[in-house]
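**Q** Right, I'll just put the structure down here and ask away after.
The values are calculated or read from the model by the stated rules, or taken from the named source; none is laboratory data. The shown structure was predicted, so the numbers you read here are calculated from the model rather than taken from an experiment. Every residue, glycine among them, receives a Cβ derived from its backbone with ideal geometry; neighbour counts consider all protein chains shown. These accessible areas exclude ligands, DNA and RNA; they are computed on the full protein's heavy atoms, side chains included. Shrake-Rupley method; radii C 1.70, N 1.55, O 1.52, S 1.80 Å.
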Amino acid sequence: TEVVLEAEGLTKHFPVRRGVRDLLSKDRKVVHAVDDIQLTLRRGRVTALVGESGSGKSTVARLLAQLYGRTSGDIRLHGDSVTVRGGRRFRAYCRRVQMIFQDPFASLNPTHTVRYHLTRALKIHGRAGTSAAELEENLRDLLLRVQLTPPERYLDKFPHELSGGQRQRVSIARALGADPEALLADEPVSMLDVSIRLGVLNLLRDLKERLNLAILYITHDIASARYFADETLVMYAGRMVEGGSSETVTQNPAHPYTRLLIESAPDPDRLDRVGDPREAPEDEAGGEPPSLIAPPSGCRFHPRCIHAMPKCSTELPPRFELSSNQWAACWLYEEAAR
Ligand code: SF4
Ligand code: MG
């Protein structure tokens, strides 16, 4: 299926400024937030980006949303590189690639109604229509798309008058106001009540199908990736370590870190628990995620890996293709991939 968005070699290092001595020192310290990310989003497909908190997955989404510039690497929409910030091509990109944040309450202005938020989105993107009646019709249409019915009941409400799930639906409606081709959803259900998470994920899936959207689904919960995503990519300490079809990666994980995530994840068949942070592997996977100021040499997972070999601490493992729908960046597969 058609490629919408691609990232190649995407890298972001943030400077660390802790004191005068650091400022004066020649080797400024940086946080290796993400390194060398490859990613492809396709029409009508959900790609999950899975990892612990602090693994860099939100940074990937923010780079793709152009919320800040990258240190190096390439981002392409339909094959066109987006290089200059602020130009016509950049604005078109920002319309077509919309982000949905974890906390719908923080992303909506509490002093404004649903009508205000959605009208503003439609106007910014030139989709408000030419008459009041047309605008009203477009507003209704957005709310119907996110299953807030009847729309009249929601249009003049303030964010605090809505439930968490309704607020997230309004955020999604606002993103749809731009008529996007890609949605970047950063932990879109992790702050919602367990009982309504599936409803929001099912809505996103329904939108993917009806609007043929490319969706990046960022989560710390690999069980929800199996349920919801077509493809799954696993990140550890700012790097991608495994990827492939969600079915293969979740049922037959190759990378030792992916296996650890799955062992500590809730039972994926218990969909009522999907995305439940109480059972999430975030802090339960054995050991600590490493510092990204001085990430471990070689394979970044080696200090925690039960299979580590001597070369693991000195040489960065490349991606090894295990089959047509699975790869892993782990020296265990060097032979198998030959
Ligand atoms: Fe473990 Fe080595 Fe594979 Fe890294 S490369 S996951 S340390 S076996
Ligand atoms: Mg995050």
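**Q** Determine which lysines satisfy two conditions relative to LYS311: a Cα distance under 30 Å, and not lying fewer than 8 residues away in the same chain.
**A** LYS12, LYS29, LYS57
**Q** Percent of accessible area on the chain owned by carbon and sulfur, 1.4 Å probe?
**A** In the chain, the share of accessible area belonging to carbon and sulfur is 48 percent.
**Q** So, one more: Working from Cα positions, state the angle (0 to 90°, nearest 10) between the long axis of helix 194-211 and the longest principal axis of the chain.
**A** In the chain, helix 194-211 runs at an angle near 80 degrees to the longest axis.
**Q** Kindly write out, for segment 173-183 in residue order, the coupling ³J(HN,Hα) from the Karplus curve 6.51 cos²θ - 1.76 cosθ + 1.60 (θ = phi - 60°), rounded to whole Hz, with x marking Gly and Pro.
**A** Taking θ as phi minus 60°, the curve returns 4, 4, 4, 5, x, 7, 6, x, 9, 9, 10 Hz for segment 173-183.
**Q** Per 5 Å bin from zero, what fraction in whole % of the C-alpha pairs of segment 202-267 is there, up to the bin with the longest pair?
**A** 4, 17, 28, 24, 14, 9, 4, 0
**Q** Checking a compactness column here: for segment 94-189, what do you get for Rg(Cα) / (2.2 N^0.38 Å), N being the number of residues?
**A** 0.98
**Q** Taking a quarter of the surface of the Cα convex hull of segment 1-139, what do you get in nm²?
**A** 12.1 nm²
**Q** Hey, could you grab the Kirkwood Rh for segment 60-138? Inverse mean 1/r over distinct alpha carbon pairs, Å, one decimal.
**A** 14.8 Å is the Kirkwood radius here.
**Q** Compute from the Cα atoms of the chain the Rg and the Dmax, the latter being the longest Cα-Cα distance, and quote both in angstrom.
**A** Values for the chain (Cα only, Rg and Dmax): 20.9, 69 Å.
**Q** Please report, in debye to the nearest 20, how large the charge dipole of the chain is about its Cα centre when each Lys and Arg carries +1 at its beta carbon and each Asp and Glu carries -1 there.
**A** 1400 debye
**Q** Report the full-extension gain for the segment GLU2 to SER313: residue separation times 0.36 nm, less the Cα-Cα distance, to one decimal in nm. Don't jump to the answer; show the numbers that get you there.
**A** Values: separation 311, 0.36 × 311 = 111.96 nm, distance 3.86 nm.
Full extension from GLU2 to SER313 adds 108.1 nm.
**Q** What percent do you get for the relative contact order of the chain when only Cα pairs under 8 Å and 6+ apart count?
**A** On the way: 662 pairs, mean separation 69.0, N = 338.
Dividing the mean separation by the residue count of the chain yields 20 percent.
**Q** Now for a different question. In nanometres, what is the gap between the two model label sites at GLU137 and GLN38, each 7 Å from Cα along Cα-to-Cβ?
**A** Computed distance between label sites GLU137 and GLN38 equals 4.7 nm.
**Q** For ARG205, what accessible surface area do you get with a 1.4 Å probe? Give it in Å², rounded to 10.
**A** 70 Å²
**Q** Using 0.36 nm times the number of residues separating ARG89 and GLN147, minus their current alpha carbon distance, what extension gain do you get?
**A** Extending this stretch completely gives an extra 17.7 nm.
**Q** Based on the Cβ-Cβ distance of SER72 and ASP179, what FRET efficiency does E = 1/(1 + (r/R0)^6) give at R0 = 30 Å, to the nearest 0.05?
**A** For SER72 and ASP179, the calculated efficiency is 0.45.
**Q** Report the local net charge at CYS312: Lys and Arg +1, Asp and Glu -1, summed over other residues whose C-beta lies under 12 Å from its C-beta.
**A** Net charge in that neighbourhood comes out at +1.
**Q** Give the share of C-alpha pairs in each 10 angstrom bin for segment 119-242, from 0 to the last occupied bin, in whole percents, shortest bins first.
**A** Each 10 Å bin holds this share of Cα pairs: 12, 40, 32, 13, 3, 0.
**Q** Still on this structure, please answer the following. Looking at the chain, send over the antiparallel percent of its DSSP beta bridges, to the nearest 5.
**A** The answer is about 60 percent antiparallel.
**Q** So for segment 37-91, Kirkwood radius off the Cα pairs, Stokes-Einstein at 4 °C and 1.567 mPa s: how many µm² s⁻¹?
**A** Once the numbers are plugged in, D ends up at 102 µm²/s.
**Q** Taking segment 164-221 on its own, what percent of its Cα-Cα pair distances exceed 15 Å?
**A** More than 15 Å apart: 45 percent of the Cα pairs in segment 164-221.
**Q** Okay, next question. Find the accessible area per residue for the chain; the probe is 1.4 Å, ligands and nucleic acids are left out, and the unit is Å². Intermediate values should be presented prior to the final figure.
**A** On the way: 15450 Å² over 338 residues.
Counting only protein heavy atoms, the per-residue value for the chain is 46 Å².
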